[in-house]
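In what follows, a structure is listed as C-alpha cells, so that the remarks can point back to it.
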Amino acid sequence: MGIGGRLKSWIGDQRVEQLRDRLAELAEQSTEHHLRLAVTGLSQSGKTVFITSLVHHLLHAHRSGSLPFFDVAAGGRIIGSRDLSAQSSNPFPLQQALTGLGQEPPHWPASTRQLSEVRLAIRYRRPPGLRRVLGESATLYLDIIDYPGEWLLDLPMLELGFEQWCENQRRLFEREPRLSVASSWLARVREVDWHASADPALLQELSESFAKLLQVLRSDPYALSLLQPGRCLLPGELVQLFPLVLPTWPAGEIPDGSFLALLKARYERYREQVVRPFYLQHFSRFDRQLVLVDCLKTLNRGEACFTDMQRALNGILQSFNYGRNGFLRRLFKPRIDRVLFASTKADHVTANQHHNLDRFLELMIQDAQRDMGFEGIETRCMAIASLRSTQAAEAQVDGQTLSCLRGWRKDSDEEVALFPGEVPTELPSADDWTQERFRFIDFAPRRLPQHELQPSHHIRLDQLLEYMTGDQFR
Ligand SMILES: Nc1nc2c(ncn2[C@@H]2O[C@H](COP(=O)(O)OP(=O)(O)OP(=O)(O)O)[C@@H](O)[C@H]2O)c(=O)[nH]1
Ligand SMILES: [Mg+2]
C-alpha cells in the first residue's frame, strides 16, 4: 500500500474509533437520564403529602399494582426504585411522614419549615421495540424539592423595585377585607415622615405589627393567599420588612439614613440575598412543573379568598413565565415543556364531582394556562388526592339514592357520612358565595400502609405520573 493508501486507512480507523466512542457515549447517556419535577403550590396546598405519597408508591411500584394507569408500572417494566435522598445535605423526611401516616391513628405531616430534596432512581426495562437498539434497561433519576409554600409567594418580588412593590401592595390594601383589617396599621404608617432620620425601634414595631396583620389575613375567616413578604408568615423568621402603603409616594430625593432609604435597602437585601438564591438554585432548571391548588378551600371561604388565590397563583406563574418576558427565561434557556395543574384533596368530594373540580380549576388558572398554551407548553388540569381519606357510600333520601362520603373529620376525629355538595363549573354568583352554599370539610388521613399499596389509596396519582413522566420510560 502506498503512503496515500495507508493515510486513508489511518483516517478511516480514526473515524471508526470516533464513531465507536460516540456510540458508547450515547448508550451511556441513554441508560441514565434525569427529570427535574418542580412541585409548586401555596402553603397547605398539599405538596408534602403529595411528595410523600408519590415517592412511597414509586418505591413499591415494581410489586404493588397500586398505579394501574401508569404504563411502565402496570406493564411490569419497573425493575426497582431506590431513594437516594440521603445523598443530599437536606434529605426529604420521607420516613417521618410515612410513620405519621402509617400509625394508628394516622396524622398528616406538619407544615414544612425548611427546604428538602428527594432523588429517586427508578430502574426500568425498555419497551420491547427499543431493547435491541438501546439496551435492555435504563434508569430515570427523578428530582423533586419540598419547601414552605410561603417562600413561593415572594417570587414576583424578584421583578419589582421597592416602589413598584409598594404600589402593588397599595392597590391590594385599597380593597376589602385588607382595608378594614389593616386600618389602624395603615393609619400608623401614614403618620410617619418617611424622609426623616430612621428610628430602628419604630421600624421594628411596624414590621412586627405588619407580620401579625399578615397572620390575621391568612387565618379564617379571610384565608387570603397573596401575602408578602411570605417569610414574615413563618415563625422564627426575622424579616423586618413591610411595604409603604401610602396614598402618594413621598416626593423628592430619598435622603441617606432616612426611614425610606433604610426600608428600601432592606427590601433589596431581602430580594437579592434571600429570595433570588432560592429561585436560582431550585427553580431555574427544571423540566416539568406540577402546580398544586386547593380549590375547595376557596369555595368554602368565598369570593375574596378565590380572587386572592387566583392573583397569587397568576403572579407566581407569571414570574416563571415560560414566555418571552419571563425573567427566568431571560436568564436561562427554558426547558419546561409540560405543566400539570392539579386540584388536590379530590377525596373531599364524591367521584361524580371530579370532573367539575377539573373545570373549576381551569377557571382559576385560565390566564396562566392560556399564556402557556401560547408559548407552546402542553398543560392539563386534573383533580387528584395524594392520599385518599374518604370512602364512597350511598344514602337514601326521599326515595332517592345519593352519593356520599364516609371518613373521619380532621378537626374532631369523629366519623361522619355526608353529602359534601357539588362543585360549580362556573364562577359562583355573588349570592352563592355569600349564602355559604359550599362547605367541604377537611378529613383526617386514612392509614397509609408501609407495604401492600392499592389503587384505592389515592385518586389519579397514576394518571398524573403517566402525564408527567410516562414518555421518559423509553
Ligand atoms: N383528604 C386529603 N387531605 C389532604 C391531601 N393532601 C393534603 N391534604 C390536607 O392538606 C393539608 C396540607 O398538606 P401539606 O402536604 O402539608 O401541604 P403543603 O403544601 O406541604 O403545605 P406547607 O408545608 O405549609 O407549604 C394536610 O394537613 C391535609 O389536611 C389528600 O390527598 N387528601
Ligand atoms: Mg409542606
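What to note about this one:
- 1.4 Å probe accessible area per residue over the range 306-462, in Å²: 51
- Annotation: for a label point projected 7 angstrom from Cα along Cα→Cβ of Tyr141, residues of the range 431-474 with backbone N closer than 18 Å are 472-474.
- Efficiency of FRET from Cβ geometry, Thr401 and Arg285, R₀ 51 Å, rounded to 0.05: 0.50
- Separation in nanometres of the label points that stand 7 Å from Cα toward Cβ, at Ala393 and Asp256: 7.2
- Here is the P(r) of the chain: all C-alpha pair distances, binned every 10 Å from 0, give 4, 17, 26, 24, 15, 8, 4, 2, 1, 0, 0 in whole percents.
- Relative contact order for the range 254-411, counting Cα pairs under 8 Å that sit 6 or more residues apart, in percent: 21
- Residues whose amide H falls under 5 Å from that of Cys404, counting only those 5 or more places apart or on a different chain, are Ala393, Glu394, Ala395, with hydrogens built in the peptide plane.
- What you get for the range 392-434, charging only the Cβ of Lys and Arg (+1) and of Asp and Glu (-1), is a dipole of about 160 debye around the Cα centre.
- Helix-only mean residue ellipticity at 222 nm for the chain, each DSSP H run of n ≥ 4 adding -39500 (n - 2.57), per residue, nearest 500: -12500 deg cm²/dmol
- Over the range 158-280: Kirkwood hydrodynamic radius from C-alpha pairwise inverse distances, Å: 15.0
- Number of Lys pairs (Cα under 27 Å; 8 or more positions apart or on different chains) in the chain: 11
- Rg/Rh for the range 392-434, where both radii come from Cα atoms and Rh is the Kirkwood radius: 1.09
- ³J(HN,Hα), Karplus 6.51/-1.76/1.60, whole Hz, each residue of the range 385-396, x for Gly, Pro: 9, 5, 9, 6, 10, 10, 10, 6, 9, 10, 9, 9
- Backbone HN-Hα couplings from phi across the range 341-356 [Karplus 6.51/-1.76/1.60, Hz, Gly and Pro as x]: 9, 10, 8, 7, 6, 5, 6, 7, 10, 6, 4, 6, 9, 5, 5, 4
- Here the range 359-474 is treated as an ellipsoid with the same Cα gyration tensor; its semi-axes, largest first and in whole Å, are 30, 25, 13.
- A cut-off of 5 Å between modelled amide H atoms, ignoring neighbours fewer than 5 places along the same chain, links Arg126 with Ser137, Ala138.
- Residue-span extension gain [His33 to Gln450] - 0.36 nm each, minus C-alpha spacing: 147.3 nm
- Sorting 224-234, 365-375 by their mean Cβ neighbour count within 10 Å, with the most densely packed peptide first, gives 224-234, 365-375.
- With a cut-off of 10 Å between beta carbons, the residues surrounding Ile79 carry a summed charge of +2, where Lys and Arg count +1 and Asp and Glu -1.
- Here the range 70-110 is scanned for amide nitrogen atoms under 16 Å from the site 7 Å beyond the Cα of Arg63 along Cα-to-Cβ, giving 76-83.
- Using C-alpha pairs below 8 Å separated by at least 6 residues, the relative contact order for the chain is 19 percent.
- Computed from the C-beta positions of Val216 and Glu17 and an R0 of 51 Å, the FRET efficiency is 0.10 to the nearest 0.05.
- Given their separation in residues at 0.36 nm each and the Cα-Cα distance between them, Leu84 and Arg188 gain 32.3 nm when the chain is fully extended.
- Surface composition of the range 116-229: carbon and sulfur make up 50 percent of the accessible area, probe 1.4 Å.
- 3J(HN,Hα) from dihedral phi, the range 30-38, Karplus parametrisation 6.51/-1.76/1.60, rounded to Hz, x for glycine, proline: 7, 8, 9, 9, 10, 9, 9, 10, 8
- Net length gained if the chain between Leu115 and Asp431 were fully extended (0.36 nm per residue, minus Cα distance): 109.6 nm
- Distant-in-sequence amide H partners of Val39 (H built 1.01 Å from N, under 5 Å): Ile145, Leu290
- Antiparallel beta bridges, as assigned by DSSP with both residues in the chain, represent about 55 percent of the total such bridges.
The values are calculated or read from the model by the stated rules, or taken from the named source; none is laboratory data. Treat the numbers as computed from the prediction; the structure is a model and nothing was measured. We place every Cβ from the backbone using ideal geometry, glycine too, and count neighbours over all the protein chains shown. Each accessible area value is taken on the protein alone, full model and side chains, heavy atoms only, with ligands, DNA and RNA left out. Shrake-Rupley method; radii C 1.70, N 1.55, O 1.52, S 1.80 Å.
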